[in-house]
1. Kindly establish whether V227 is away from the ligand (no atom under 16 Å from the Cβ), surrounded by fewer than 18 Cβ atoms within 10 Å (Cβ to Cβ), under 25 Å from C91 (Cβ atoms) and hydrophobic (A, V, I, L, M, F, W, C).
2. For segment 295-319, what are the residues that are buried (at least 21 other Cβ atoms within 10 Å of the Cβ) and of a type in the set (K, R)?
3. Find the helices (runs of 4 or more DSSP H) located wholly in segment 82-173 whose residues include 1 or more that are assigned by TED's automatic domain parsing to the domain that holds P56 and under 30 Å from D369 (Cβ atoms), and list them.
4. Of G54, G84, which residue is more than 16 Å from the ligand (Cβ to nearest atom), within 19 Å of the chain's Cα centre (by Cα), surrounded by 24 or more Cβ atoms within 10 Å (Cβ to Cβ) and not acidic (D, E)?
5. So which of L347, L351 is within 16 Å of the ligand (Cβ to nearest atom), closer than 25 Å to H29 by Cβ and either in contact (Cβ under 8 Å) with a residue 12 or more places away in the chain or surrounded by 14 or more Cβ atoms within 10 Å (Cβ to Cβ) (or both)?
6. Given (1) crowded, with 18+ Cβ neighbours inside 10 Å; (2) under 30 Å from V253 (Cα atoms); (3) more than 13 Å from the ligand (Cβ to nearest atom); (4) not small (G, A, S), identify the lone condition not met by L222.
Amino acid sequence: MTNPSLRTDSMAAFSASARTLVSRHIAPHLTDWEMNAGATRGLFALAGRAGVFGVPVPVRDGGLGLGLAHGVAFIRAVSRYAAGGVCASLCVQTHVAVPLLLGQGSAEQKRTWLRPMVSGSMITAVAITEPTGGSDLVNSTTTRAVPTAEGWLLDGEKTFITNAPLADFLLVLARTDDGAGALGMTFFLVPADLPGVQVHQLETTGLRSSRTGRVRFTRCPLPADAVLGRPGLAMVQLAQVLVEERLAISAGVLECARCCVERTAALPAVAGSHRARAELAGWLVEVEAAEAFLDAAVERFDNGKGDRLDADLAKTMSARLTQRIVNGCARLIGPDAFIGSGAEGGLLPTLRDVRVLSVFGGSCETVRDSAAAEILRGAAARRRADVLAPTGGRPV
Ligand SMILES: Cc1cc2nc3c(=O)[nH]c(=O)nc-3n(C[C@H](O)[C@H](O)[C@H](O)COP(=O)(O)OP(=O)(O)OC[C@H]3O[C@@H](n4cnc5c(N)ncnc54)[C@H](O)[C@@H]3O)c2cc1C
């Protein structure tokens, strides 16, 4: 990758470059992508050239070597344009596939897959969810890989897979040991042009600028080195990247809520109403509070102290808050919110996109329950004690 446009010294300069990149090169295509079955490979080529996929990747591996705070700055720049689908497509590659390869890939796998992924010449999908379910993976995963003399044979079906219709390769979750529960699951690197791989693009209600697909694997022969890391460790690997993914999604979602409030407040009919202005002010305060929590969580992540509780709290809070705010804005705007492509000031793409927040990146109920379980195990109390300890304070 040469001269990525996002390589800058300070966060302010990075954010400004990200906003320029999005307004000049992504925003002009959004209506077309929303109306015509999703973004093209050009989006990935552009993002790769700019350095988006390499934000967390060390410079020696072709990246920018920056933290999640920079990744979040880019997502916020995209989210200002009601471009949930673009965010979803780029997030899957930047904040799930890249960290999985970076953390778990062998030197050879990084050479073959990570570098082209960072440059944007290769597109990735992460195939976990199945027609049988996506929340309780240990019990619902039926895709299987069985060992053969040459490597593995993969059979199964995945659905709702972001980027699948464009993907050059997929990271596929498969069961490799029936008796080992969570430790019987393995990620495989599967080229999309392998015999036995069939991809079908799905028509979606929201995130229309992203391409979503169903993928069938029929007796796909995989070499032994198609395993990511070691067999049996997929659920551990997934838990590690889920933190980054959920924080990144939450950042985009909250920015979307903020923009919705700002756009609604600017409409003359709304600006003239006391009651409407009071509602908008209340929502803005809630967004600000949620963003303060998110920024602190991202800072903890970049300092090596990111944890599942942060990610689950951020996802739970941002998804439900944004759905409430976007619906509320639509109510204040009235019928005009429901017409047009969004370019005219309507909320249609955003209204479609926020529905999917109930399940994208983990269903709201399961993420909430995971956060509650962590709190009950004492994670939140331990963190408060940690924060208070350096100054000699005591948790009350
Ligand atoms: C546009 C889009 C893009 C997606 N992209 C990807 C992708 O790239 N890769 C991928 O692998 N997946 C992807 N998904 C799938 C997504 O991750 C799953 O939808 C999500 O994990 C939930 O799984 P499920 O839909 O199978 O719901 P299920 O697990 O079948 O659950 C259905 C509903 O039941 C409820 N529920 C389930 N368990 C509980 C519980 N214990 N307590 C209370 N309620 C519960 C929840 O409300 C849940 O929404 C995508 C989905 C969409 C819509």
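1. On the way: away from the ligand (no atom under 16 Å from the Cβ): yes; surrounded by fewer than 18 Cβ atoms within 10 Å (Cβ to Cβ): no; under 25 Å from C91 (Cβ atoms): yes; hydrophobic (A, V, I, L, M, F, W, C): yes.
No.
2. K315
3. On the way: elements: 84-91, 98-104, 115-119, 137-140.
Result: 84-91, 98-104.
4. G54
5. Working: L347 fails: within 16 Å of the ligand (Cβ to nearest atom).
Answer to the check: L351.
6. (2)
A quick yes/no check of all residues on (1) small (G, A, S); (2) closer than 21 Å to I375 by Cα; (3) at pLDDT 95 or above; (4) within 21 Å of the chain's Cα centre (by Cα):
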position	(1), (2), (3), (4)
A266	yes, no, no, no
A276	yes, no, no, no
G306	yes, yes, no, yes
S318	yes, yes, yes, yes
Q323	no, no, yes, yes
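Here's the yes/no breakdown for (1) surrounded by fewer than 21 Cβ atoms within 10 Å (Cβ to Cβ); (2) outside any loop (DSSP other than H, G, I, E, B):
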residue: D9; (1), (2): yes, no
residue: A16; (1), (2): yes, yes
residue: H25; (1), (2): yes, yes
residue: P28; (1), (2): yes, yes
residue: T31; (1), (2): yes, yes
residue: L43; (1), (2): no, yes
residue: R60; (1), (2): yes, yes
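The values are calculated or read from the model by the stated rules, or taken from the named source; none is laboratory data. Just so you know, these numbers come straight off a predicted model, no measurement behind them. Heads up, the Cβs are rebuilt from the backbone with ideal geometry, glycines too, and the neighbour counts pull from every protein chain shown.
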